[in-house]
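Reviewing the structure listed below.
The values are calculated or read from the model by the stated rules, or taken from the named source; none is laboratory data. Just so we're clear, the structure is a prediction, and the values are computed from it rather than from any experiment. We place every Cβ from the backbone using ideal geometry, glycine too, and count neighbours over all the protein chains shown. For the accessible areas, the whole protein counts, side chains as well, though only heavy atoms, and no ligand, DNA or RNA atoms are used. Shrake-Rupley method; radii C 1.70, N 1.55, O 1.52, S 1.80 Å.
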Amino acid sequence: MKKRQNDVSVLFLFLSILFCVCLITANVLETKQIAIGTLSITGGLLVFPVSYIINDCVCEVWGYRRARLLIWLGFAMNFLFVMFGSIADAIPGAPYWNNETGFHAIFGLAPRIAAASFVAFLAGSFINAYVMSRMKVSSKGKHFSLRAVVSTIFGETADSLIFFPLALGGVVPMEEMPKLIVSQVILKTLYEIIVLPVTIRVVRKTKEYEGEDVYDVNVKYSIF
């Protein structure tokens with residue numbers, strides 16, 4: 001049975017919601033610095049790579065156009081969250097409320113972190129989707145695992161190179177910045193590799209359920 005043009009995919013809706021939740025959560029968790037041995041990472045590492053995994057799934061199943069929609073949707077929801085958080089932070093607290101410092105520690109940093117995140121997110125996500133899409137066409141749909149890992153490396157590298165200097169410059173010592181960037185790219189890529197069996201299964205089941213397996217032939221890779 002052929003799907004109508006205006007049918008809404010429940011799976012795409014679910015992945016879109018999860019994508020937005022991961023982005024918003026990552027913004028908050030990025031305010032915490034974590035040391036694991038000699039490595040310096042941010043709390044956002046716990047959840048942010050999931051957004052790239054979802055990006056890979058959507059691009060693989062529905063193609064670049066749907067991935068582009070997902071990216072801009074995530075951008076819009078992230079922007080709304082930061083905007084309302086900043087407004088709430090700017091409003092004076094009640095006289096009996098004594099958690100102003102803690103609240104400001106999270107949402108006071110959010111605008112700077114979010115501004116860096118917005119630019120880095122768009123660059124990294126679109127590079128990830130582009131590499132994923134082009135490799136799928138050139139490989140004729142083969143080697144999904146390789147495509148998922150390579151696209152993540154390109155996307156996460158662009159994201160980290162933009163995000164950390166803009167968001168944490170002056171907060172993190174400059175001598176620590178290269179180590180932070182490299183460790184983030186390596187750990188996020190390892191994250192993707194570890195959960196790759198789950199990603200493969202999700203993609204396979206989604207293709208079967210949706211009856212979709214889009215190849216981006218003659219697609220213009222505009223971000224708009």
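Taking the stretch 135-146 as the search range and keeping residues that are touching a residue at least 24 places away in the same chain (Cβ under 8 Å) and part of a helix (DSSP H, G or I), which one is farthest from V185 (Cα to Cα)? Here the residue is V137. Can you say whether F154 is open to solvent by 20 Å² or more (accessible area, probe 1.4 Å), in a helix (DSSP H, G or I), out of contact with any Leu (no Cβ under 9 Å at 6 or more places or on another chain) and over 19 Å from G63 (Cβ atoms), as far as the supplied structure shows? Spelling it out, it is not the case that F154 is open to solvent by 20 Å² or more (accessible area, probe 1.4 Å), in a helix (DSSP H, G or I), out of contact with any Leu (no Cβ under 9 Å at 6 or more places or on another chain) and over 19 Å from G63 (Cβ atoms).
Per-residue answers, yes or no, for (1) at pLDDT 90 or above; (2) buried (at least 19 other Cβ atoms within 10 Å of the Cβ); (3) touching a Lys or Arg at 6+ places or on another chain (Cβ under 6 Å); (4) over 27 Å from I153 (Cβ atoms):
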| site | (1), (2), (3), (4) |
| --- | --- |
| I17 | yes, no, no, no |
| N27 | no, yes, no, no |
| E30 | no, yes, no, no |
| C57 | yes, yes, no, no |
| L73 | yes, no, no, no |
| I113 | no, yes, no, no |
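Condition check for D216 on (1) at pLDDT below 90; (2) open to solvent by less than 20 Å² (accessible area, probe 1.4 Å); (3) not in a helix (DSSP H, G or I); (4) not small (G, A, S): one failure, at (1).
Looking only at residues of the stretch 183-213 that are of a type in the set (K, R) and over 18 Å from the mean Cα position of the chain (by Cα), we find that the one that is surrounded by the most Cβ atoms within 10 Å (Cβ to Cβ) is K207. Between V10, V61, V47, the distinction of being free of Cβ contacts under 8 Å to residues at least 24 places away in the same chain and under 27 Å from R147 (Cα atoms) belongs to V10 only.
So which residues in the stretch 79-120 are among the aromatic types (F, W, Y) and more than 18 Å from the chain's Cα centre (by Cα), if there are any at all? Reasoning before the result, please.
At the first step, the residues of the stretch 79-120 found to be among the aromatic types (F, W, Y) are 79, 81, 84, 96-97, 103, 107, 118.
Within the stretch 79-120, F84, Y96, W97, F103, F107 qualify.
Each row is one residue, and each column tells you yes or no for (1) over 16 Å from the mean Cα position of the chain (by Cα); (2) within 22 Å of G108 (Cβ to Cβ); (3) modelled with pLDDT of 90 or more.
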site: L122; (1), (2), (3): no, no, yes
site: A129; (1), (2), (3): no, no, yes
site: S133; (1), (2), (3): yes, no, yes
site: F144; (1), (2), (3): yes, no, yes
site: V149; (1), (2), (3): no, no, yes
site: F164; (1), (2), (3): no, yes, no
site: L180; (1), (2), (3): yes, yes, no
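Among the residues of the stretch 166-176, just one is over 19 Å from L29 (Cβ atoms) and either of a type in the set (A, V, I, L, M, F, W, C) or in a helix (DSSP H, G or I) (or both), namely M174.
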